[in-house]
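The values are calculated or read from the model by the stated rules, or taken from the named source; none is laboratory data. Quick caveat, the model's predicted, so the values are computed rather than measured. Heads up, the Cβs are rebuilt from the backbone with ideal geometry, glycines too, and the neighbour counts pull from every protein chain shown.
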Amino acid sequence: RNRAPLTHKMNKMVTSEEQMKLPSTKKAEPPTWAQLKKLTQLATKYLENTKVTQTPESMLLAALMIVSMVSAGVPNSSEETATIENGP
């Protein structure tokens, strides 16, 4: 069985991934325990406000949603985070 085409495809994927990295990309420091605690609190509050059962899976999804909104610069995401913290 010839694996050359598969290897070629993998090389193309690696090359395209390297091309995606922009010179403006900055390295981030790992989150602190305080930041992780705050994120966990926000995710818990979000699940309580939306009446979603708190499971490891739903906590992960809620945390990813919060990180995604903040990092994407979603308008009003800071207001929504405040709403999550304080309730509706």
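For the reader, a short list of remarks on this structure follows.
- From the options K12, K37, residue that is among the basic types (K, R) and at pLDDT 95 or above: K37
- Annotation: of all residues in region 54-88 being at positive phi and surrounded by fewer than 10 Cβ atoms within 10 Å (Cβ to Cβ), the one that is modelled with the lowest pLDDT is G87.
- Applying a threshold of 8 Å to beta carbon distances and a minimum spacing of six or more residues, or different chains, the list of pairs starting in region 46-66 at a residue that is closer than 19 Å to Q35 by Cβ and ending at one that is of a type in the set (F, W, Y) and part of a helix (DSSP H, G or I) reads A62/Y46; M65/Y46; I66/Y46.
- Residues (loosely packed, with under 10 Cβ neighbours inside 10 Å and not in a helix (DSSP H, G or I)) located in region 29-53: E29, P30, T32, K51, T53
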